[in-house]
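Below is one structure; the comments refer to it alone.
The values are calculated or read from the model by the stated rules, or taken from the named source; none is laboratory data. These numbers come from a predicted model, not from an experiment. Please note: Cβ atoms are built from the backbone with ideal geometry, for glycine as well, and neighbour counts cover all protein chains shown.
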Amino acid sequence: MSDEPRPHFRACARQTVSLAGALADPEGAWTRNVRVTDLGLGGACVETMESVPHGVPFELLIEAPNLWDPLSLSARLAWMRSGTGGSQRIGLCFEQPSGASLRTLSDLLKTAAFR
């Protein structure tokens with residue numbers, strides 16, 4: 001067996017955060033409050049006490065003190081697992097974020113307050 005480190009399974013690294021947010025239907029039919037627990041340029045992990053519809057596109061809205069308006073990112077469900085106390089942990093993959101969204105997300109990740 002080799003002592004070489006295994007490659008990371010994500011294309012983009014993530015960092016631990018604790019940010020308020022929401023998952024929302026792009027058409028406005030539903031919204032779920034979430035806590036963003038890790039975040040990167042390619043996706044995020046969120047926790048929620050509410051169920052989330054499978055197989056539908058949605059927006060992740062991230063609220064942060066350094067943002068005037070919530071950052072909105074189109075996402076799709078990558079995985080879902082049971083969390084603690086009846087919560088759901090949901091892995092998200094961002095879908096084609098714009099250059100402006102990526103810059104805002106990058107700035108958010110660099111902000112010392114979230115490290």
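So here's what we get for this one:
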quantity: Subset tally (residues that are closer than 12 Å to residue 20 by Cβ and under 9 Å from the mean Cα position of the chain (by Cα)) for segment 36-90; calculated: 6
quantity: Enumeration of residues in segment 86-107 that are small (Gly, Ala, Ser) and closer than 20 Å to residue 53 by Cα; calculated: 86, 87, 91
quantity: In segment 64-115, residue farthest from residue 36 (Cα to Cα) [restricted to those that are at pLDDT 80 or above and of a type in the set (Lys, Arg)]; calculated: 103
